[in-house]
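S.K.: Provided herewith is a single structure, encoded as structure tokens, for subsequent inquiry.
The values are calculated or read from the model by the stated rules, or taken from the named source; none is laboratory data. What you see is a predicted model, and the numbers here were worked out from it, not measured in a lab. Note: ideal-geometry Cβ built from the backbone for every residue, glycine included; neighbour counts use all protein chains shown. Accessible surface areas use protein heavy atoms only, side chains included; no ligands, DNA or RNA. Shrake-Rupley method; radii C 1.70, N 1.55, O 1.52, S 1.80 Å.
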Amino acid sequence: MADHRRPQESESTVNLRDYLTVFQRRKTVIFFAASVLLCLSVTAAVLWPATYKSTATILIEEQEVPAELVHSTITSFADQRIEMIKQQVMSRSSLWKVVEQYDLYSGMRRNSTTEDVIKRFIKDIEVEVISADVIDKRTQHATKATIAFTVSYNSGMPETAQRVANELTTLFLGENLKSRERQAQETTTFLKQEAENLGQHIEEIEAKLAKFKQRANGALPELMPLNLQLMNQADRELMDLDQQIRSLEERKTYLEGELATIKPNTPIMSVTGERILDSLERLRALRAEYAGNAATFSPDHPDIIKMKQEIAALERETGMKPESEEIAKQVIDARAGLATLTDRLGQDHPDVLQAKRTIAGLERELRRIGSTATSKLLQRPENPAYINIQAQLNSAVSSLEALKTSRMSVKKRLQDYAKRIERTPEIEPDYLVLTRDRDTSAQKYQDIRSRLLEAKVSEGLEVQRKGERFSLIDPPGLPESPEKPNRKAIVLLGCILALAGGVGAAALAEHLDHSIRTPEQLLRVTQAFPLAVIPYMPNRADLACALRRRSRMRLGGLGAIALLLLLCHLFWTPLDVVWYATLRRFGIE
Amino acid sequence: MEWFQAALDRYKQQHQSQNRPSSRSARSQPMRAVPATIVYTRTRSVQVPESVLREQRILAGFDAGPFVDAFKILRTQILHRVREKGWNVIGVTSPGAGEGKTFTAVNLAASLVMDVTQSVLLVDANLRHPTVHEMFDLKSCRGLADYLLDDVPIEQLLINPGIGRFVFLPGGHAVSHSAEALTSPKMIALVEEFKHRYQSRMILFDLPPLLEASDVLAFAPYLDALLLVVQEGRTKVEDVERSLALVKQAVPVLGTVVNKIGYSTATPDGMKKIL
């Protein structure tokens, strides 16, 4: 039991002393491992090629014109846009152009593929966004907003780093402007195209509508009330006209009756109470007398000649031509008399002959009158009352005529309106479809037009560089000290690593070493403590041997360092150069 | 011889003062009289200079110190155990070669003979590579091999290195079939004779490495007990376990001795201090 307890005790009481013993025992291993690691780290710190980093800071400025006044057509987030531009800038072709322009990675280009060189180039480019905590104006929430970004390039040469960083910055800025302008223009172009299409559509509809209206001929639904009104009006007008016509008819009838009772000419009485013939009546009497005399007397009878002259004078006076009708009647009358006479007296009877001559004379006369223009018998009524009534009658008749005409037209109009109203319902659906289409299209057109205007303003914003823009606030500078490596840190890390490595090596050696070190181990194996523990008793030979070994090791170490330095001096770089280079690398001039 | 006489006198005095406690503790041998002073007439005596003793790390060359004390502790421990059981034939071995068997055996013998009642015979039974004589800076001499193979009388072979009642039998020349030689009837007879010839005489056998040859295993039945020497930082734990397992049936193991403690941390400055 005691045997079981003791090992536990011994294990739990592993104290500083034991560690010291282990350290003593393993100091060679520790020292060797630590020095190797330290040497490696120092070598790495000195030999690691320096990388210079040149960085440009680009601020993302908000648009100058307030967004409430002019909306930008570019609404994506800044970092999204940066990423997009990055992709555009970092396209193979543009990067390769830069590589060739600045002759970057000349060694690598000889041995590796273009793909690898580009990959390496992209690895050396750093784009980082700088965010700030801001409060969103709309939602009042704290958010992160990208306010700036940096473009850096790492290179072994400070000048190259600066030049390439400069080029990259230029590419970024240019690409941003280009893409913004392009985006704005694209919006405008698109809207313009849309507006044009819509305009064309509207035009087509308008044309269709016009044709339709023409075809509808006033039967448009929108004209319905007007048509109704007009029809009513026409109706009323018609009734009015009918009324008027009726009254005029009455009046006409009355006047005709009146007129029939009045003689047109009032007879002129002579002092003898005899009625004095006016020239017209005298002409008529003379003519009748002439026809009888012409039958009895030869034409060159003085009475006949006298009558003839009188008639001619009267005709001249009255302007009346001999009335063919009257003569024709006399001819017919004479012929009838002739026929009777012929039947009664025979052909050769002088009366019959007389009658035949009269007919011939009348026919001559008829032919004479017929050849001249038939002048109307100028019958000038003289009776003022007659004239008055006749005038009234005339006016009534003409008014009646006019009214009748207008009634006709009104009636026609009325019919027209009625037809329109009848046709309206059947036209209505098609018409409504067309108008609705036109209305919506027009509305859309308006909408697009207004948007197009807005987009044009926005494009102006971009073209005049008044929108959100990237401004270079810190151009890439010439890096004065290398960005990487941090040699001091590497050395420090190397020191820590060396310590850890030493301890680790010791621990490993201790772990791998199964040899007996302490009486406790024997206790565990044999269940008994050793009978005796005999200390090491050195003799002179041992001492001499140890001393010899120590001096040999010292000599060997010194020799190795000297040899290394010599090799370095002869085959690599002279030692003084190395010394000053090392000092410079660690920042000590 | 004057030096020897003086030492003898000193031991006598010591013995006189320690007589009572020693007789009390040694129950198995109640009649422990001081043996008569042996004058080695037939045994060859060699005077080994102190410088050689120191150089070979034999404690007879040192004054009191941790090294000497350690062996005194070992001696006392062994004597306690041995007297309890009535043993006097002890083999000294170790799992591997070069772990300090001969060094321990010689020094144990030297410390045992400091007890004036005790005489010690150290037999170099490592016939494969006998080295005990080298410890005393002797040139090659005849030894056990010559007795076994050439019948040289044992009296001519024993050597007294000039340390009290310390007699040792060198190994002689190396023998190829050492295990067979060790188990030969002649050898067994010799062991028997040694065992019973003298009172209070301890016979120590310096044996070959346990794990490297069959000698120890073969010879083990003729031993009373076995002492296992282990070197700090050299002997593996597994080797000790294997050795113990091997000899477990054949012979009781008296115990172990850890040798060369502090060797791995020794510095030249520390060595100088000890010297």
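S.K.: Mean Kyte-Doolittle hydropathy of 0.5 or higher plus an axial Cα length of 15 Å or more: which whole DSSP H helices in chain B meet both?
M.R.: B:101-112, B:237-247
S.K.: Give the shape of region A:426-490 as rounded, prolate or oblate, defined through the alpha-carbon gyration tensor: a ≥ b ≥ c are the square roots of its eigenvalues, a/c under 1.5 means rounded, and otherwise the shape is prolate if a/b is larger than b/c and oblate if not.
M.R.: Prolate shape, in that a/c is at least 1.5 and a/b is the bigger ratio.
S.K.: Please give the charge dipole size of region A:435-556, origin at the Cα centre, charges +1 on K and R Cβ atoms and -1 on D and E Cβ atoms. Round to the nearest 20 debye.
M.R.: Dipole of region A:435-556, to the nearest 20 debye: 580 debye.
S.K.: How many angstrom separate the Cα center of region A:149-169 from the Cα center of region B:167-212?
M.R.: Centre-to-centre (Cα) distance: 89 Å.
S.K.: Here's another thing I want to ask about it. Determine the sum of side-chain charges near A:Ser441: Lys and Arg each +1, Asp and Glu each -1, restricted to other residues whose C-beta is under 14 angstrom from that of A:Ser441.
M.R.: Result for the neighbourhood of A:Ser441: -3.
S.K.: Could you order A:Leu563, A:Leu230 so the one with the most accessible surface comes first? Probe is 1.4 Å.
M.R.: A:Leu563, A:Leu230
S.K.: Please report, in debye to the nearest 20, how large the charge dipole of chain A is about its Cα centre when each Lys and Arg carries +1 at its beta carbon and each Asp and Glu carries -1 there.
M.R.: With only Lys, Arg, Asp and Glu charged at Cβ, the dipole is about 3400 debye.
S.K.: Once you list every other residue whose beta carbon is under 14 Å from the beta carbon of A:Pro475, what net charge do they have if Lys and Arg are +1 and Asp and Glu are -1?
M.R.: Net local charge, A:Pro475 excluded: -1.
S.K.: What is chain B by shape, rounded, prolate or oblate, if you read a ≥ b ≥ c off the alpha carbon gyration tensor as root eigenvalues and call it rounded for a/c under 1.5, prolate for a/b larger than b/c, and oblate otherwise?
M.R.: In terms of gyration-tensor shape, rounded.
S.K.: Which semi-axis lengths, in whole Å and largest first, follow from the square roots of five times the eigenvalues of the Cα gyration tensor of region A:206-271?
M.R.: The equivalent ellipsoid of region A:206-271 has semi-axes of 57, 15, 6 Å.
S.K.: So which helices of chain A fit the span-like rule, where a helix is a whole DSSP H run, its Cα atoms reach 27 Å or more along the axis, and its mean Kyte-Doolittle is at least 0.0?
M.R.: Taking the DSSP H segments of chain A (at least 27 Å long, mean hydropathy at least 0.0), we get A:16-47, A:487-512, A:540-567.
S.K.: So what is the orientation-averaged projected area of region B:199-268, using the convex hull of its C-alpha atoms, in nm²?
M.R.: The orientation-averaged projected area of the Cα hull of region B:199-268 comes to 6.2 nm².
S.K.: Rounded to the nearest 500 deg cm²/dmol, what is the calculated helix-only ellipticity per residue at 222 nm for chain A, with -39500 (n - 2.57) per DSSP H run of length n ≥ 4?
M.R.: -24500 deg cm²/dmol
S.K.: If you roll a 1.4 Å probe over the heavy atoms of the protein chains, what accessible area per residue do you get for chain A, in Å²?
M.R.: Ligands and nucleic acids excluded, the figure is 65 Å² per residue.
S.K.: A further question on this structure: If you filter region A:95-148 for trypsin sites (Lys or Arg not before Pro), then keep DSSP loop positions with at most 12 other Cβ within 10 Å, what is left?
M.R.: A:Lys137, A:Arg138
S.K.: Ignoring everything except DSSP H segments at least 4 long, calculate the 222 nm mean residue ellipticity for chain B; use -39,500 (n - 2.57) per segment, divide by total residues, nearest 500.
M.R.: After summing the helix terms and dividing by residue count, I get -12500 deg cm²/dmol.
S.K.: By DSSP, what percent of the beta bridges with both residues in the protein assembly as shown are antiparallel, rounded to the nearest 5?
M.R.: Bridges in the protein assembly as shown that DSSP calls antiparallel: roughly 50 percent.
S.K.: For region A:414-572, list log₁₀ I(q)/I(0) at each q in 0.11, 0.13 Å⁻¹, using the Debye formula over Cα point scatterers of equal strength and ignoring solvent, two decimals each.
M.R.: Summing over Cα pairs of region A:414-572 leads to -0.98, -1.11.
S.K.: Okay, moving on. Of all the stretches in chain B, which is the longest one without any exposed loop site, taking trypsin sites (Lys or Arg not before Pro) in a DSSP loop (any state but H, G, I, E, B) with at most 14 other Cβ atoms within 10 Å?
M.R.: Excluding the exposed sites themselves, the longest stretch runs over B:140-247.
S.K.: I'd like to know which of A:Gly556, A:Gly501, A:Leu575 lies farthest towards the positive end of the charge dipole of region A:489-589, counting +1 on Cβ of Lys and Arg and -1 on Cβ of Asp and Glu.
M.R.: A:Gly556
S.K.: A further question follows. Using a cut-off of 15 Å between beta-carbons, work out the net charge of the residues near B:Lys272 (Lys and Arg +1, Asp and Glu -1, B:Lys272 not included).
M.R.: Net charge around B:Lys272: +4.
S.K.: Let me ask something else about it. Rank these residues by their accessible area, most exposed first, probe 1.4 Å: A:Ile387, A:Ile311.
M.R.: Result of the area sort, largest leading: A:Ile387, A:Ile311.
S.K.: Also, quick follow-up: For region A:94-220, divide the Cα radius of gyration by the Kirkwood radius and give the resulting Rg/Rh value with two decimals.
M.R.: Rg/Rh for region A:94-220 comes to 1.38.
S.K.: Same structure again: Filter A:Lys488/B:Lys273; B:Lys101/B:Lys273; A:Lys97/A:Lys456; A:Lys213/A:Lys456; A:Lys263/A:Lys412; B:Lys72/B:Lys186 down to the pairs with a C-alpha to C-alpha distance above 32 Å, please.
M.R.: Pairs exceeding 32 Å: A:Lys488/B:Lys273; A:Lys97/A:Lys456; A:Lys213/A:Lys456; A:Lys263/A:Lys412; B:Lys72/B:Lys186.
S.K.: Sticking with this one: Using a 1.4 angstrom probe on heavy atoms only, work out the carbon and sulfur share of the accessible area of the protein assembly as shown in %.
M.R.: Answer for the protein assembly as shown: carbon and sulfur cover 56 percent of the accessible area.
S.K.: In terms of the Cα gyration tensor, with a ≥ b ≥ c the square roots of its eigenvalues, is the protein assembly as shown rounded because a/c is under 1.5, prolate because a/b exceeds b/c, or oblate?
M.R.: Here the protein assembly as shown falls in the prolate category.
S.K.: So how exposed is A:Phe23, as accessible area in Å² (1.4 Å probe, rounded to 10)?
M.R.: Answer for A:Phe23: close to 100 Å² accessible.
S.K.: Can you list the lysines whose alpha carbon is less than 22 Å from that of A:Lys211, not counting same-chain residues fewer than 8 positions off?
M.R.: Correct list for A:Lys211: A:Lys419.
S.K.: About the Cα centre of region A:56-209, how large is the charge dipole given +1 on each Lys and Arg Cβ and -1 on each Asp and Glu Cβ? Please answer in debye to the nearest 20.
M.R.: Computed charge dipole of region A:56-209: roughly 620 debye.
S.K.: Roughly how many Å² is the accessible area per residue of chain B, as a whole number, for a 1.4 Å probe?
M.R.: Counting only protein heavy atoms, the per-residue value for chain B is 46 Å².
S.K.: Note down, for region B:108-168, the three equivalent ellipsoid semi-axes (square root of 5 times each alpha carbon gyration tensor eigenvalue), biggest first, whole angstrom.
M.R.: Those come to 22, 13, 10 Å.
S.K.: With every protein chain left in place, what is the accessible area of A:His569 in Å² (1.4 Å probe, nearest 10)?
M.R.: About 80 Å², rounded to the nearest 10.
S.K.: In Å², nearest 100, what accessible area do chains A and B bury in total when the solvent probe is 1.4 Å?
M.R.: Separately minus together, A and B give about 3500 Å² buried.
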